[in-house]
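Below is one structure, written out as structure tokens; the observations come after it.
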Amino acid sequence: MTQFDNATEQLHTNITEQLTTAVMLLDANLQIRYFNTACCAVLGLGEKRLNHQPFPSLFQHTELSSTRLHSALTDKQGFGVSEIQAVLADGRHLLLDIAVTLSEQPMNHLLLEIRQVNHQRKISLENLQQHQHVAARELIRGLAHEIKNPLGGLRGAAQLLEESLNEEQKEYTQLIISQADRLRNLVDRLLGPYRVIHSVNNNLHQVIEQVRQLAVMDNPANVRFNRDYDPSIPDFSFDAELLEQALLNIIRNAQQALSNTAQPTISIQSRVLQQHTLHGKRHKLVALVRVIDNGPGILAEIKDTLFYPMVSGHANGTGLGLSIAQTLIHQHGGWIDCASWPGHTEFTLYLPITQAED
């Protein structure tokens, strides 16, 4: 190689080392042959963990399959993927944009450009969920009003009619009344909790333990529960009854998902985050509660509408549990996030840590 070629190669290396986008070169066996400094920052991995390692070995799970990377080499065709979910070997979750192109020099290599979009996606998803949640609640309230008014009249008319009927005929009016009551209860459940929250300083782990004990007592799938609590979380202001209901809805949902899983397990974790933003507001401390199960995962077609009323992945589910849970956490200024792939589903509750005023 000429002196000019060496100088050009060094210039290219210097440029890639200054990029904030992670750049990685993979050979035909998908082994990492080159990576710039940004790879360590984007993936949160040291040089030894990246150097000459098989790219797939970096992840527990990734939506970018080895098969697709091999196909790019075979077909001589690059591609790009946006917001793919990746879980590193140490359990950290990343959301990545990846552009894959064929390297001209050396040949039969793939050049990967990787950007982490966790923070931007989280903010946009949180804002989207907030707007969707408000729109869904207003729609349901309007429908509830339109349904409950004629339903009440129908039930009242059936009761009046019943007074002039014999016992055999009353069977039909009783059917009308019972079905009217059923529909009214369904509408009430769609509306979700309507009482004003009563927040006082409470212990988060006492609520979690109470919910866990309730789940253990009603545990047809014999789910094993693991606990991993952060004792540094202080008492803070929340409505214990409403938080218990939200958490119980999520854990019940996980138990149902595990009905056909071998060695079903639910892990409950608590952590504290510092300087975390929720709904555009910066909080000094935020409590985090994770509910993780090893079930089949959430169907791809309902992931984006998971917290909508009447959306369920279970054949006999009402689709109200997660919607109600999201409403309850929103009332506390928090939100619920979800990540799922086969063998792992994780719901994360975020609650701002504030103190009740005396």
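The values are calculated or read from the model by the stated rules, or taken from the named source; none is laboratory data. All values reported here derive from a predicted model rather than from experimental measurement. So basically every Cβ, Gly included, is an ideal-geometry build from the backbone, and we count neighbours across all protein chains shown. The accessibility values were calculated without ligands, DNA or RNA, using every heavy atom of the protein model including side chains. Shrake-Rupley method; radii C 1.70, N 1.55, O 1.52, S 1.80 Å.
Can you pull out the residues in the range 283-309 that are of a type in the set (Gly, Ala, Ser) and crowded, with 17+ Cβ neighbours inside 10 Å? Walk me through it before giving the result.
We begin by selecting, within the range 283-309, every residue of a type in the set (Gly, Ala, Ser); these are 287, 295, 297, 300.
Residues satisfying the conditions are 287, 295, 297.
Does residue 345 qualify as being at negative phi and at pLDDT 85 or above? Spell out the reasoning first.
Details: at negative phi: yes; at pLDDT 85 or above: yes.
Yes; evaluated as a whole, the condition is true for this residue.
State which residue is least open to solvent (accessible area, probe 1.4 Å) when the search covers only the range 208-267 and only residues that are more than 17 Å from residue 197 (Cβ to Cβ), polar (S, T, N, Q) and part of a helix (DSSP H, G or I). Step through it out loud before you land on a result.
Narrowing the range 208-267 to residues more than 17 Å from residue 197 (Cβ to Cβ): 208-234, 250-267.
Imposing the further condition that a residue be polar (S, T, N, Q) reduces the set to 210, 213, 219, 222, 226, 232, 253, 255-256, 259-261, 263, 265, 267.
When the remaining residues are screened for being part of a helix (DSSP H, G or I), the result is 210, 213, 253, 255-256.
Numbers: 210: 94, 213: 96, 253: 45, 255: 19, 256: 97 Å².
The residue in question is 255.
Determine if the range 168-178 includes at least one residue that is among the hydrophobic types (A, V, I, L, M, F, W, C) and modelled with pLDDT under 85.
Start the filter on the range 168-178 by keeping residues that are among the hydrophobic types (A, V, I, L, M, F, W, C), which leaves 175-177.
If we keep only those that are modelled with pLDDT under 85 too, we end up with none.
No, the range 168-178 has no match at all.
Looking only at helices (runs of 4 or more DSSP H) that fall completely inside the range 1-111, which ones have 3 or more residues that are open to solvent by less than 30 Å² (accessible area, probe 1.4 Å), out of contact with any helix residue (DSSP H, G or I) (no Cβ under 9 Å at 6 or more places or on another chain) and modelled with pLDDT of 90 or more? It would help to see each step written out before you state the result.
Numbers: elements: 3-18, 37-43, 47-50, 66-75.
Result: empty, no element qualifies.
Checking residue 271 against (1) at pLDDT 85 or above; (2) part of a helix (DSSP H, G or I); (3) open to solvent by 60 Å² or more (accessible area, probe 1.4 Å), only one condition comes out false. Which one?
(2)
Just a yes or no: is a residue in the range 182-199 open to solvent by 40 Å² or more (accessible area, probe 1.4 Å), touching an Asp or Glu at 6+ places or on another chain (Cβ under 7 Å), closer than 30 Å to residue 144 by Cβ and touching a residue at least 60 places away in the same chain (Cβ under 8 Å)?
Yes, the range 182-199 contains a residue that is open to solvent by 40 Å² or more (accessible area, probe 1.4 Å), touching an Asp or Glu at 6+ places or on another chain (Cβ under 7 Å), closer than 30 Å to residue 144 by Cβ and touching a residue at least 60 places away in the same chain (Cβ under 8 Å).
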